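In what follows, a structure is listed as structure tokens, so that the remarks can point back to it.
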Amino acid sequence: MSRHIAIALGIILPFGVQAASLKDYELGKMLEKVAEQSSVGTPRAINEDILDQGYTVEGNELVNHLSVRPAHAAQMRANPDAVRSQLAASVCRNTGYRQLLARGAALRYEFSEYKTNRPVTTERFTAPDCGLKAKSS
């Protein structure tokens, strides 16, 4: 009996791996398209303190690169919980981001200081951050 189970698993498991790989591939392609479309017109000012430098993709993460003025960077460093809370609220209200997170993607914000590129903070969000359950791959 255990021999039959081993044979069945040997046949079934590769299909599961292929399906997971296909889902990851499709998610990666979707993220590349989102990054390309979202980067049109960058760099662009979000407000007087934040400059959107565009999006990239790393694996299943959509990465938004943002530059901030030094004074704003200091405020962000001094209030990391407020930064995360504000970003989480923004991400979780956005239907498009929620759909990506539900498909297993992550959204990462990379903040650096304008001109110097000195790191300010990195914030990463996944489905559970918005009370979602990600589809397993």
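FYI, it's all coordinate maths here, none of it is from the lab. Note that this is a predicted model, so its numbers are computed, not measured. Note that we place each Cβ from the backbone using ideal geometry, even for glycine, and neighbour counts take in every protein chain shown.
Sparsely packed loop sites in segment 59-122 (the trypsin sites (Lys or Arg not before Pro) outside DSSP H, G, I, E and B with at most 14 other Cβ atoms within 10 Å) comprise K115.
When Lys and Arg each count +1 and Asp and Glu each count -1, what net charge do the other residues less than 15 Å away from L100, Cβ to Cβ, add up to? Computed value for this residue: +3.
Note down the net charge around I50, summing +1 for each Lys or Arg and -1 for each Asp or Glu among other residues with Cβ under 13 Å from its Cβ. Numbers along the way, then the final one.
Numbers: positive: R44, R69; negative: E48, D49, D52, E110, E113.
Neighbour charge sum, excluding I50 itself: -3.
Each part reduced to its alpha carbon centroid, segment 78-137 and segment 19-67 end up 12 Å apart. Listed by chain and number, the lysines placed with their C-alpha closer than 30 angstrom to that of K133 are K23, K29, K33; residues fewer than eight positions away on the same chain are left out.
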